[in-house]
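Asks: Sending over a structure as structure tokens; questions will come in a sec.
Taken together, the values in this text are just the output of simple stated rules run on the coordinates, not laboratory data. Not measured: the values here are computed from a predicted model. Note that each Cβ is placed from the backbone with ideal geometry, even for glycine, and that neighbours are counted across all protein chains shown.
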Amino acid sequence: MSDAEAQVLLKTVNRLYREGDHKRARALLEVLSDVYPDNPKVWSALATVAHDNDEMTHFLAKAAAAHRLSD
Amino acid sequence: MAEANEILQLGIEAARDGNREEARNLFTLLTKQDPQNIQAWLWLAGVSDNPKLRRDALERAIAIDPNNEMALRGLRALGADRPSIVDRGRNAIRERTGSLLGRPSAANQRPSTPVQPAARPSRPAPVQTQQSTSSVMGEDELTAEFDAFAEEYDDEPRGPTPLMWGVLGALALLLVVFLASQFFGNGTATMLPANLFGATSADTTPTADPAMTATALATMTPAGTPTATPPPVMLLNRDATLTQDGWEYGLYPDPNVINGPISLAGIPPTGTYVIVLVTVANNTGTSQPLPANFLTLLDDQGRRYDVNVERSMKVYDNAPGSASDLGISNNVEPNGVKTSIVLIYDVNLDATNLRMYGGSNLSQGWVITDKVQ
């Protein structure tokens, strides 16, 4: 599966979130972050569903690091 | 692991809804995350349009479990020759032997390869023997055992079976096993039947596809598992509706279930609140509320949950017309128009396979959620 396919799954995450299924949106993001740890979009999306500020900071830091890697 | 189960279920729902591309992406993701996830491989095979990809996925499943009936059947249906299946099994056994004898296995050398020591849970007696004598069992003995299995396979009558017949045969077997488990109470009603049967009150024809077939066997509860309550005769698809006592009822289209630590006016639940959005149509001829105990939940532990009327109304009153068209205590006009109603249940935290039934009809219902936390 390519990053392009990860992008497709991020759309699934969006759909789940819009439908109020936050639990599965987050579950999908967590699996995506396992498989695509270098994809900054996955970490950014995780930051939007973080449970608290610490978690959000952690995810954003991961996103920033992944973004630097992708440059 | 919990996440993987969520994604598996999500993929199953996508497959059931006909969204095979999304299902493929989800199952592929799972196999990337955990190459040993046999259910993900089986489902991936089921939703693959490309025969080569389907075969590859089934062979990966065989590599994980050489005796997996569903994968063997699927490969046979694809016209796989016996040697290719046997070789897969042999390779898996060699991997197992290698690790038993302390030799580095190919799986260790190539971490991305899903081949692992062969586990053979589907053959109870040989498995016990293997496990108890594994330290003294050599490669030849294990291979011989596999050959015995291969001979059994050879003895099975086979002809030039087209793909369609294979799929239909698997379906028939699945139906027999499922119905037997339902009638004899030997199997628990998991969320699986809801996936298997796209039934409505008017149409109870099973609408399984190969993916459904594969996972059905992969996830079926072993026969003989006691259940606290007799499982229902049939679990319905989410868009199915039923009629009883003048009420037509069903689940509201997704999302219709929310559970978790919800705070309702600061009143904590005994267990956890489960919110179910339903649709009802009043054909009784009388303007009246839906009877409060009409739609009940049952769990695998045999517990029954009635609607918590007070808290259901709190949710509705918080934003009338927003959460649902009506509250549980509001009159539903007898015009036959589908009307949504939000229902709150206070469910025990350990509840599993929560199902909803209407009126006295316990033979048909819907799976609400497989677990509440």
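Asks: Contour minus end-to-end for B:Lys338 and B:Leu362, with contour as 0.36 nm per residue of separation and end-to-end as the Cα-Cα distance? Walk me through the intermediate numbers first.
Replies: Numbers: separation 24, 0.36 × 24 = 8.64 nm, distance 2.22 nm.
Here the answer is 6.4 nm.
Asks: Using modelled amide H (1.01 Å from N, peptide plane; none on Pro or chain starts), what sits under 5 Å from the amide H of B:Val372, excluding residues fewer than 5 places away?
Replies: B:Ala351
Asks: Step through the residues of segment B:297-305 one at a time and calculate ³J(HN,Hα) from phi using the Karplus curve (6.51 cos²θ - 1.76 cosθ + 1.60, θ = phi - 60°), rounding each to whole Hz and writing x for Gly and Pro.
Replies: So the J values, rounded to whole Hz, are 10, 10, 10, 5, 7, x, 8, 10, 10.
Asks: Same structure again: Under the Kirkwood approximation for Rh and a Cα-based Rg, what ratio Rg/Rh is obtained for segment B:238-371? Kindly include the intermediate steps, with their values, before the conclusion.
Replies: Values: Rg = 13.9 Å, Rh = 14.8 Å.
Value, to two decimals: 0.94.
Asks: Between their Cα atoms, which of B:Lys338/B:Lys371; A:Lys41/B:Lys371; A:Lys11/B:Lys32; B:Lys32/B:Lys371; A:Lys23/B:Lys371 are more than 22 Å away from each other?
Replies: B:Lys338/B:Lys371; A:Lys41/B:Lys371; B:Lys32/B:Lys371
Asks: Using square roots of five times the C-alpha gyration tensor eigenvalues, list the equivalent-ellipsoid semi-axes of segment B:293-373 in whole Å, biggest first. Could the numbers behind the result be given before it?
Replies: On the way: eigenvalues 112, 50, 20 Å².
In descending order the semi-axes read 24, 16, 10 Å.
Asks: How much length would be gained if the chain were fully extended between B:Asp317 and B:Gln288, taking 0.36 nm per residue of separation minus their Cα-Cα distance, in nm to one decimal?
Replies: 8.6 nm
Asks: Same structure, new question: For A:Ser44, B:Ser329, what ranking results if the residue with the fewest other Cβ atoms within 10 Å of its Cβ goes first? Please report the intermediate quantities before stating the final value.
Replies: Numbers: A:Ser44 18, B:Ser329 15.
Least to most surrounded, the residues fall as B:Ser329, A:Ser44.
Asks: Would you mind calculating the gained length between B:Asp17 and B:Leu168 on full extension (0.36 nm times residue separation, minus the Cα-Cα distance), in nm to one decimal? Don't skip to the answer; put the middle values down first.
Replies: Details: separation 151, 0.36 × 151 = 54.36 nm, distance 2.03 nm.
Result: 52.3 nm gained on full extension.
Asks: Now a separate question. Taking K and R as +1 and D and E as -1, what net charge do the other residues with C-beta under 13 Å from the C-beta of A:Ala50 add up to?
Replies: On the way: positive: A:Arg26, A:Lys62; negative: A:Glu30, A:Asp52, A:Asp54, A:Glu55.
Every neighbour counted, the sum reads -2.
Asks: Tell me the label-point distance for the pair B:Gln36, A:Ala50, using the 7 Å Cα-to-Cβ offset, in nm and rounded to one decimal.
Replies: So the two model labels end up 3.3 nm from each other.
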